[in-house]
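Shown next, in structure tokens, is the structure this report addresses.
The values are calculated or read from the model by the stated rules, or taken from the named source; none is laboratory data. Only a predicted model underlies this, so the values are computations on that prediction, with no experimental measurement involved. All Cβ positions, even for glycine, are placed from backbone atoms using ideal geometry, and neighbour counts span all protein chains on display. Side chains are part of the model used for accessible areas, which takes the heavy atoms of the whole protein and leaves out ligands, DNA and RNA. Shrake-Rupley method; radii C 1.70, N 1.55, O 1.52, S 1.80 Å.
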Amino acid sequence: MPGLVWFITGCATGFGEKLVHDVLGRGDKVIATARNASARLQTQKEAGAAILELDVTGTQKTLDDVVNQALKIYGKIDVLVNNAGYLEAGFLEEVGEERMRNVFSTNFFGAINLSRAVLPHFRERKTGTLIFMSSYTVWEGQPTPGAYVASKGALESAVLCLEKEVAPFGIKTCTVISGLFRTEIFGPRNMKYGAREIPAYAEGNKWSDSLVTQMYEHSPGDPAAGAARIVDAVKSEGTAKGKEVPSFLILGQEALDAIRARCKAMLKICDEGESVAQSTATGAIPADQAETKSE
Ligand SMILES: NC(=O)c1ccc[n+]([C@@H]2O[C@H](COP(=O)([O-])OP(=O)(O)OC[C@H]3O[C@@H](n4cnc5c(N)ncnc54)[C@H](OP(=O)(O)O)[C@@H]3O)[C@@H](O)[C@H]2O)c1
């Protein structure tokens, strides 16, 4: 699939930065965006990317304006990668509503609002691909990234619906369920956490901090390889040769393990709860639960 124009958010570091270089290396065009783009996207610009300033938490009007500006550069956008995101760490009780809303502003509303800005163009052309970055933690649940996981879980759920809404217009969605990759997400500049005021969580926070340091230094995933798999999937090249853009792209062993474990656990819950679930249509106590009722 030659000659695509990509619009990518959060290109200063990590997956975003690697995506820019991979896409350019395959001969496609990129509009790379970031906060403080002129200072932070110099390498990407020198490699051939067009650069634009974009904070995904801007108003819908701001996002619409940036997309209109982007459309003037190459005359079209074929792929939007909603990559910008950050990790808010902390026990949910301690994180509080404001910080939780902030992480949703970037990870959930940023991605949905920017997609809303691009969709009229995609609908008009009856083509386009929307990429969303999610996390294996949505499938596993862990103590302390709860606010982040909630924002990514909301995104995954919204995209399940969006996929069906936009398919009639020839538009594809792909949710990348990522495992652990060596990017700046766990780094001191990008990761966020608020005041720690509840003594009961002090030990848990210490454990969380040491885990974050370990993940920052030793996450197994190579972001350049992860970026290459995403580009393969969109362009039906390399590891995805001859395949349609998938609804989900799993990256990393820990992502595979988490999804498999959750699916197995849910299947067991379905099997064990089948007769009870079905009994709600008639109200009759299922035969295999009669014993339970008389106790
Ligand atoms: N690495 C992993 O293990 C992992 C796992 C699961 C999912 N992911 C997802 O992968 C995506 C990319 O993250 P990464 O791992 O590459 O981490 P990263 O190196 O920290 O990159 C994230 C980028 O997002 C940008 N960003 C944050 N808030 C923004 C905003 N409001 N507007 C525009 N840009 C913003 C940051 O830009 P600034 O430099 O301006 O802050 C940063 O360059 C994220 O959505 C993340 O949730 C990563």
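Percent of accessible area on the stretch 12-169 owned by carbon and sulfur, 1.4 Å probe? Could you put the intermediate results ahead of the total?
Values: 3530 of 6860 Å².
Carbon-and-sulfur percentage of accessible area, whole number: 52.
Modelled spin labels at residue 272 and residue 189, positioned 7 Å past Cα toward Cβ, are 4.7 nm from each other. Between the alpha-carbon centres of the stretch 239-271 and the stretch 199-237 there is a gap of 18 Å.
Considering only the other residues whose Cβ falls under 12 Å of the Cβ of residue 113, what net charge follows from Lys and Arg at +1 and Asp and Glu at -1? Walk me through the intermediate numbers first.
Values: positive: 61, 116; negative: 55, 64.
Taking every other residue near residue 113 into account, the sum is 0.
Quick one: which residues, 5 or more positions from residue 173 or on another chain, have an amide H under 5 Å from its amide H? H modelled 1.01 Å from N in the peptide plane, none for Pro or chain starts. HN-HN under 5 Å from residue 173: 130. If the segment from residue 284 to residue 47 were pulled out straight at 0.36 nm per residue, it would be longer than the present Cα-Cα gap by 78.5 nm. Under 5 Å between amide hydrogens, built in the peptide plane, is the criterion, and for residue 54 it picks out 34, 35, 36, 37 among residues at least 5 positions away or on other chains.
Only Cα pairs under 8 Å and 6+ residues apart enter the sum, and on that basis the relative contact order of the stretch 1-104 stands at 29 percent. Once you sort the root eigenvalues of the Cα gyration tensor of the stretch 17-88 as a ≥ b ≥ c, which label holds: rounded (a/c under 1.5), prolate (a/b larger than b/c) or oblate (the other case)? Because a/c hits 1.5 or more and a/b fails to exceed b/c, the stretch 17-88 counts as oblate. Taking only alpha carbon atoms, the stretch 5-251 gives an Rg to Rh ratio of 0.96, where Rh is the Kirkwood radius.
Surface composition of the stretch 254-295: carbon and sulfur atoms hold 59% of the protein heavy-atom accessible area at a 1.4 Å probe.
Our helix-only sum for the chain, with -39,500 (n - 2.57) per DSSP H run of n ≥ 4 divided by its residues, gives a mean residue ellipticity at 222 nm of -16000 deg cm²/dmol.
Quick one: plug the Kirkwood hydrodynamic radius of the stretch 254-295 (C-alpha pairs) into Stokes-Einstein at 37 °C, 0.692 mPa s, and report D in µm²/s. Don't skip to the answer; put the middle values down first.
Values: Rh = 12.0 Å.
Roughly 273 µm²/s, to the nearest whole number.
Backbone amide hydrogens, once placed in the peptide plane, bring residue 181 within less than 5 Å of 221, excluding anything fewer than 5 places away on its chain.
Residues in the stretch 163-172 carry Karplus couplings, in order, of 3, 6, 5, 9, 3, x, 9, x, 9, 10 Hz; the curve used is 6.51 cos²θ - 1.76 cosθ + 1.60 with θ = phi - 60°, and Gly or Pro positions show x. Per residue, the stretch 131-210 exposes 46 Å² of accessible surface when a 1.4 Å probe is rolled over the protein heavy atoms with every protein chain present.
Let's test the formula: R0 of 25 Å, r as the Cβ-Cβ distance of residue 244 and residue 76. What FRET efficiency results, to the nearest 0.05? Present the calculation step by step, with values, prior to reporting the outcome.
Values: r = 21 Å, r/R0 = 0.85.
According to the calculation, E is roughly 0.75.
Report the semi-axes of the equivalent ellipsoid for the stretch 133-227 in whole Å, largest first, where each axis is √(5λ) for an eigenvalue λ of the Cα gyration tensor. Numbers along the way, then the final one.
Details: eigenvalues 181, 62, 19 Å².
In descending order, the three semi-axes are 30, 18, 10 Å.
Treating r as the C-beta distance of residue 217 and residue 126 and R0 as 45 Å, the FRET efficiency rounds to 0.45.
Taking springs between alpha-carbon atoms closer than 10 angstrom, which of 269, 171, 185 fluctuates most in the Gaussian network model of the chain? Top of the fluctuation ranking is 269.
When only alpha carbons of the stretch 4-128 are considered, Rg and Dmax amount to 15.0, 48 Å.
Surface analysis of the stretch 48-121 yields an accessible area of 44 Å² per residue, using protein heavy atoms and a 1.4 Å probe. Across the stretch 273-289, rounded Karplus estimates of 3J(HN,Hα) from the backbone phi angles (6.51 cos²θ - 1.76 cosθ + 1.60, θ = phi - 60°) give x, 4, 5, 5, 4, 6, 6, 6, 6, 9, x, 5, 6, x, 3, 6, 10 Hz, Gly and Pro being marked x.
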